[in-house]
Every structure is written in structure tokens, then in C-alpha cells.
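Trainee: So that we are looking at the same thing, I have put the structure below in C-alpha cells.
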Amino acid sequence: MKKIIFRKLLQDCLIFFFLALFGISTIIWVFQAVNFLDIMIEDGRNYNVYFNYTLLNFPKIISRILPFALFFSFSYTFIKYEASNELIIFWNHGVNKLSIVNFFFWISILIMLIQILLMSIVVPKSQELARSKLRTSDIDYFEGMIKPKKFNDTIKGLTIFAEDKNDNEEFKNIYIKKNNEKKGFQITFAKKGVFELKGNKRVLVLYDGQTLTQNGENITNFNFSKSDFGLADMASHLVTHKKIQELSTESLIKCMQTISGIKNYKIINCNKNNPREIYKEIFKRLINPLYLPVLILISLLLILTSKESLKYNKNKFLIFSLGFGVIILAESSLGYITKNFIENFSILILPIFLTLIIYIIFIYKLKLSYKKL
């Protein structure tokens, strides 16, 4: 009987949790996808790159929303059970409150492990893949890069400006400045420009213009009636090196060992002079998930007070405030990480300490209630 009750309670909590998690994450993902349209329009990327980039950012959104969705879902389910008198039925059938606490504590450990895997493996890999999609993609949506009366310097070393654009997709009075590696430049003016398909490439064809080229101390100038301006071999201002967030957890741990002098590994972005960012990323992936059992235990505090009690609404408000406070604490604690790993030990043990404190509160409160009976 107890197994059926526990299974039913867990099922309701998890169903609402997954609905909240994926519902909120999808809404945020849609808003974020709209912002990512700049990748395609401003940076000249195609729809396939845009879709893959936005999709690969979904795991990161889920990992950030998970603590909030977890606490809200479990709290809501316990409040719903109390409101419908289902918890009273559990107690009348001999279900021990501490056994429910222990059951959900082990469930929280399982969810915590899943979150650690998500943040330490899935999210960094998806972020690295998303960034690599941009690094290896071509700038082939040139039409969106040129906007009338607006300078565009998305492509590295290149500035494009057009005064106007007519209904025939023709640009009027185009200005193009291209810098070269020898500290020279090339400036091109044209009365008209239009994109044309030549082979399988889009080429900007310029009409009635002039090109001024400076190479060292030499300056040349020539006029043209028609000239092709290719953009295929140019790169955008996109950051090509890996960010810390994209490094694998194994690389971060090796970097930490290198910083501590335990071993010497050659890791990308492993800055010995500024280890704080490395420690922050490690703590975010491996330590922050330890707050998930704390959040579930806080939501379970709702079972200690019956809705018939005058303090029920007050306790409910305090429990919600405590839960959101822990979520804020988990995020803000990363800001207190220092360059010295030993000094960060208090941040490491804080979620474990909070778990023990809340569990002790359960034991004390439940023993006290049994004595009254």
C-alpha cells in the first residue's frame, strides 16, 4: 500500500515538474531564438546554421530553469495534496512522514546526479557544437548584411554602406572599405550594386564605380563599368577560440590541477594568473546541483503543517521565500569564489550543510509531534 502511495505522489510531482520544465524552457527558447535572428541577418548566416545554433542552446536553458521548476513543482503538488485532504488519508493509513522525507530525499539525489551530468557533459558539449557551427559556416546570406543608410562591419576588415535600395533589389551609391593584412586598404564607390548568382555563389556585382587602393606608400586608382565583389573568403568578427563554458569538465579539472601545481597539462584557456573563472565554472557544474536536494527538502516542509492550522498560510509563504532564497543563494555564491581554491571550501560545503540542517529540523519536528500524540 505504501509503495502505491509513494509511486502516485512521485508520479504527480514528476509530471508537473517535466511540464513546468519544458514549458518554461520552450517559452524562453522561443524568445531567445528571436534574438538569434541577428546571427542569420546581421552576420550573413543561412537558416540551417541559425536553426542548429538555436536548438543546441536548449540544453543550457533547461539546466538553468531546472532548480526553479523542481522547487515550484514539488511545492505545488504538496499544497494540492493538502488542499484535497489526500495527505490526511496518507497519515491515516499509517504512512510515516519521515519515510516520505527519506523517499523524496533519495529521489532528489537521483535528480541531482542527472543535473550534474547535464551541466558537466551535455551543456558544454552542446555549447561547443553550437559555436563550432558558427566557426565552420560560410557567410552566404549577404543580402541581409547591407541595409540602406546603415554601416555594417560584421565581416572582419570590411565596412559596407548603401544609401538606398529600390524595389528591384538594387542598392544605390554603395561604399565599401576593405582592410588588408599589410596595413593597407581598398575603398570602392559604385552607383549601383546588385546580388547575382554565379555558379553556386552569390556575388555582389557593382556598376559604374571607382576603386582606390593603398598598399604601403603606393596608391592606385581605377574606374570600372562593372565589377564583381566576392565575399566568400571573408570571416566575421565571431570569436573563434573556445570559451571556458565550452570546455569539457575533464579539461577544467586538468586545468585546476595545473593551476594547483599537482600536474602540468596544456589546456586551452587555462590561465594560471586568473584561475577564478575556472573555479567558477567547475563549481557551477559540480557544486550548484547539490542545492537540488535542499530545494526538495524545503518543499517537503509543507507536510509538517496542516491546512487547519492558523499558521499554515504563514508557513507556506515562509517556505516559498526560503526556497527562492536558496535558488538566489546558489547563483550568487559563484560571485564569491576567489582565486584560492582552499578559500572556496565554505562555498563547497554550504549546500551539504543546509541539507543536514533541514533534515535535522524534520527529525526534531516529527519527534516533537509524536510526543504530543
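The values are calculated or read from the model by the stated rules, or taken from the named source; none is laboratory data. Treat the numbers as computed from the prediction; the structure is a model and nothing was measured. Backbone-built Cβ (ideal geometry, glycine too); neighbour counts: all protein chains shown. Please note that ligands, DNA and RNA were not included when accessible areas were found on the heavy atoms of the full protein model with its side chains. Shrake-Rupley method; radii C 1.70, N 1.55, O 1.52, S 1.80 Å.
Trainee: Run the 1.4 Å probe and let me know the accessible area of Phe103, rounded to the nearest 10 Å².
Mentor: Here the residue's solvent-accessible area equals roughly 60 Å².
Trainee: Amide H neighbours of Ser248 under 5 Å, at least 5 residues apart or on other chains, H built in the peptide plane: list them.
Mentor: none
Trainee: Now a separate question. Points 7 angstrom from Cα along the Cβ direction at Ser248 and Ser84: gap in nanometres?
Mentor: The modelled label-to-label distance comes out at 4.7 nm.
Trainee: Between Asn48 and Val95, how high is the FRET efficiency from 1/(1 + (r/R0)^6) when r is the Cβ-Cβ distance and R₀ = 56 Å? Nearest 0.05.
Mentor: Step by step, r from the Cβ atoms, then E = 0.55.
Trainee: I've got another one for you. Can you sort Leu56, Leu247 by solvent-accessible area, 1.4 Å probe, largest first?
Mentor: Details: Leu56 40, Leu247 10 Å².
I get Leu56, Leu247, largest accessible area first.
Trainee: In whole Hz, what ³J(HN,Hα) sequence does the stretch 112-123 give by Karplus (6.51, -1.76, 1.60; θ = phi - 60°), x for Gly and Pro?
Mentor: Ordered by residue, 3J(HN,Hα) equals 4, 5, 5, 5, 4, 4, 5, 7, 8, 10, 5, 5 Hz.
Trainee: Follow-up. Give the accessible area for Lys165 in Å² (nearest 10); use a 1.4 Å probe, count only protein heavy atoms, and leave out ligands, DNA and RNA.
Mentor: Roll a 1.4 Å probe over it and Lys165 shows about 70 Å².
Trainee: Just the accessible area per residue of the stretch 262-343, please: how many Å² with a 1.4 Å probe? It would help to have the intermediate numbers written out before the result.
Mentor: Numbers: 4500 Å² over 82 residues.
Ligands and nucleic acids excluded, the figure is 55 Å² per residue.
Trainee: Report, by chain and number, residues whose modeled amide H sits under 5 Å from the one on Ile287, excluding near sequence neighbours (fewer than 5 apart, same chain).
Mentor: Residues meeting the criterion, in which the H sits 1.01 Å from N, do not exist here.
Trainee: Something else now. Work out, step by step, the length gained on full extension between Tyr364 and Asn273: first 0.36 nm times the residue separation, then minus their alpha carbon distance; give nm to one decimal. All intermediate terms of the calculation are to be shown ahead of the outcome.
Mentor: Working: separation 91, 0.36 × 91 = 32.76 nm, distance 4.78 nm.
Taking Tyr364 through Asn273 to full extension adds about 28.0 nm, to one decimal.
Trainee: Next question, about the same structure. Provide the per-residue ³J(HN,Hα) series for the stretch 306-322, in order, calculated from phi with Karplus coefficients 6.51, -1.76, 1.60 and θ = phi - 60°, each as a whole number of Hz, with x at glycine and proline positions.
Mentor: 7, 5, 6, 6, 5, 8, 4, 5, 5, 5, 4, 5, 5, 5, 5, 5, 5
Trainee: Note the full-extension length gain between Phe68 and Phe222 as 0.36 nm times their separation in residues minus their Cα-Cα distance, in nm to one decimal.
Mentor: Working: separation 154, 0.36 × 154 = 55.44 nm, distance 6.39 nm.
So the extension gain works out to 49.1 nm.
Trainee: Still on this structure, I have one more. At 7 Å along the Cα-to-beta-carbon direction for both Ile262 and Phe31, put a label point, then send me their distance in nm to one decimal.
Mentor: 4.0 nm
Trainee: With a 1.4 Å probe and all protein chains kept in place, how much accessible area does Ser225 have, in Å² rounded to the nearest 10?
Mentor: Estimated to the nearest 10 Å², Ser225 gives 80 Å².
Trainee: Sticking with this structure for a sec: What number in nm² do you get for the stretch 306-373 if you take the convex hull of its Cα atoms and divide its surface by four?
Mentor: Working: hull surface 23.4 nm².
Over all viewing directions, the stretch 306-373 projects a mean Cα-hull area of 5.8 nm².
Trainee: Another question, then. Once you've got the Cα coordinates, tell me which of Lys125/Lys178; Lys149/Lys226; Lys339/Lys365; Lys8/Lys307; Lys133/Lys263 are over 30 Å apart.
Mentor: Working: Lys125/Lys178 36 Å; Lys149/Lys226 23 Å; Lys339/Lys365 41 Å; Lys8/Lys307 21 Å; Lys133/Lys263 33 Å.
Pairs exceeding 30 Å: Lys125/Lys178; Lys339/Lys365; Lys133/Lys263.
Trainee: What FRET efficiency would be calculated for the residue pair Gln210, Asn166, taking the C-beta separation as r and a Förster radius of 25 Å, to the nearest 0.05?
Mentor: Details: r = 21 Å, r/R0 = 0.86.
For R0 = 25 Å, the calculated efficiency reads 0.70.
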